[in-house]
Amino acid sequence: MGRLQEHLSLLLAGALGAAMPALAEPLSFNEALQQAAKASGTVQGAALDVRAKTLKAEALSNIDGPSVDLTAFRGRLSTDVSIDTSGLAGVVGGIESVLPPIPGLPTPHIPNSLNREVVTDLTSFGLLGMWPIYTGGRLDAVKGLASSLTLAAQAERTEAEEQLATLVAQRYFQLLLAKRVVAVRAEVTAGVTQHQRDAAKLEKGGLISRAERLRADVALDSARSDEAQARSDEEIAQVALDRLLAVNTQVRPSTPLFVNSLPVGTLQSFISTGMRENANWKKIDSKRVQAEQALKLHGKEYTPTVFAIGNYNMNRGQLVRSNWAIGLVVSVPLVHRINTGKMIAAAKFDQERVEVVARQAERDIPTLIEKNWRALENARIHYLSTASSVELARENIRLQTVAFQQGQVTSLEVVDARLNLAKVETQRAQTAYNYVMGLAQLLEATGQTQRLGSLAASADIQLPVDK
């Protein structure tokens, strides 16, 4: 019988293992962030855009250098050949006047010129070199525009990474919050279950009425319903995080919800950092460079251009011989189909627009940072100010339970005491989550999302990680 029970236990364990989703190794927040970056199409696309823009800028870095082309031609050449024979005709005429005529020998007629069309096959090979010596700064402006596009792509990538970090923080710690709520609700269910058992015993002993016991039954049903809802919320949070990280196993967060009892920095220090590292500010900087280079480019349409050229031909044919040429080419634009004045005016308006946006950002970015910093501080202070609430709520449960057993209070008061404990613990967990999210948003606004993992590890208040 014992061996049969052992086999049944093994089969049951195997069936349960097959039904339950596989659990991955514990994953810290930094590891989750790295996994999300690998899975994020937005971040990967932004990184590829940076690589593409960088390569394009590198490709244009030598645009003002020399170039050499190999040229080749194979075809047929038609040429009209004209030979002046008037001198030869005069010589023959002089000879005829001196010599006596020879019988039977016709006198040749020599025209004054010979004309003939000559068609020949021609093969030509050559080297053509060109070096821009002076372009009025146009090529430098082109290189500057390419570099500014790289800066813009880098700012877009930074913004995508920071937004992803905030999203990962939201889903990662939301799962921890959901697990904490499940643990609280499970504790309530266990406590109300024990209370319902005590109520049933007291009813049998005639110490409480049937109505009091029914209140305990209703409270137990409500506690079970609340726990089921909490578990459903946990499953939703789990799915959201798993899909964000693109994993096939359930993620087990190992970095707990946390609160730093002391401020993580002054408001002014965050504002100073944000005015340098905020992603929007970096995008404005790149736009400023683009507008400046575009103005330089549009203001040089009528600037002369000087090129040094060299050409060496290696031709095969009867009529064309090898030749070479070297010299300078000067081009002075006189008339353009494009209205250069309006293009310059438009470039100046673009430059002014960037400065208008920059002035607005100088007000908006500090405002955003201060808003997030104050939300962070409010959550920190609120969490610390409720430190004794849990202890008081637990003591109240103990007192109400003893009083109920002695018939001094009703079942409703015992249940209310347990619900109050659940409310206090849930609110404190929610406050810790609000603190973490306030910190994540503050770090995003200041371009420091990489600090979140280290601040979590060094926090002096860490909530337990519920399984």
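Selection of segment 319-373 for residues being of a type in the set (Val, Ile, Thr), open to solvent by less than 80 Å² (accessible area, probe 1.4 Å) and assigned to a strand (DSSP E or B) yields only 329.
Yes or no: segment 378-385 includes at least one residue that is of a type in the set (S, T, N, Q), in a helix (DSSP H, G or I) and loosely packed, with under 12 Cβ neighbours inside 10 Å. Checked segment 378-385: at least one residue is of a type in the set (S, T, N, Q), in a helix (DSSP H, G or I) and loosely packed, with under 12 Cβ neighbours inside 10 Å. Residues in segment 410-422: is at least one in contact (Cβ under 8 Å) with a residue 60 or more places away in the chain and open to solvent by 70 Å² or more (accessible area, probe 1.4 Å)? Within segment 410-422, one or more residues are in contact (Cβ under 8 Å) with a residue 60 or more places away in the chain and open to solvent by 70 Å² or more (accessible area, probe 1.4 Å). Taken over segment 386-397, the criterion of being in a helix (DSSP H, G or I) and either modelled with pLDDT of 95 or more or open to solvent by 70 Å² or more (accessible area, probe 1.4 Å) (or both) is satisfied by 391, 392, 394, 395. Scanning segment 169-182 finds no residues that are in a helix (DSSP H, G or I), in contact (Cβ under 8 Å) with a residue 40 or more places away in the chain and surrounded by fewer than 18 Cβ atoms within 10 Å (Cβ to Cβ).
Restricting attention to segment 30-80, the residues that are assigned to a loop (DSSP other than H, G, I, E, B) and out of contact with any helix residue (DSSP H, G or I) (no Cβ under 7 Å at 6 or more places or on another chain) add up to 3. Show the residue pairs meeting these rules: Cβ distance below 8 Å; 6+ apart or different chains; first residue within segment 251-271 and among the small types (Gly, Ala, Ser); second residue open to solvent by 30 Å² or more (accessible area, probe 1.4 Å) and not in a loop (DSSP other than H, G, I, E, B). Partner pairs satisfying both residue conditions: 254/26; 254/27; 261/384; 261/461.
Could you tell me whether residue 220 is under 27 Å from the mean Cα position of the chain (by Cα) and either open to solvent by less than 20 Å² (accessible area, probe 1.4 Å) or on the phi > 0 side of the Ramachandran plot (or both)? Against the criterion (under 27 Å from the mean Cα position of the chain (by Cα) and either open to solvent by less than 20 Å² (accessible area, probe 1.4 Å) or on the phi > 0 side of the Ramachandran plot (or both)), residue 220 does not qualify.
Just one of the listed residues (49, 80) is more than 30 Å from residue 129 (Cα to Cα) and loosely packed, with under 13 Cβ neighbours inside 10 Å, namely 80.
Scanning segment 429-440 for residues that are open to solvent by 10 Å² or more (accessible area, probe 1.4 Å) and in contact with a Leu (Cβ under 8 Å, 6 or more places away or on another chain) turns up 430, 433. Checking 289, 259, 251 one by one, the residue that is touching a strand residue (DSSP E or B) at 6+ places or on another chain (Cβ under 6 Å), farther than 18 Å from residue 441 by Cα, crowded, with 16+ Cβ neighbours inside 10 Å and among the hydrophobic types (A, V, I, L, M, F, W, C) is 251 and no other. Just to verify a result, which residue in segment 272-286, among those that are of a type in the set (A, V, I, L, M) and open to solvent by less than 30 Å² (accessible area, probe 1.4 Å), is nearest to residue 354 (Cα to Cα)? Looking at residues that are of a type in the set (A, V, I, L, M) and open to solvent by less than 30 Å² (accessible area, probe 1.4 Å), I get 284.
The values are calculated or read from the model by the stated rules, or taken from the named source; none is laboratory data. Just so it is clear, the model here is predicted, and its values are computed rather than measured. Using ideal geometry, Cβ is built from the backbone for each residue, glycine included, and neighbour counts are taken over all protein chains shown. Ligands, DNA and RNA are stripped out before the accessible areas are found, and what is left, the full protein with its side chains, is counted by its heavy atoms. Shrake-Rupley method; radii C 1.70, N 1.55, O 1.52, S 1.80 Å.
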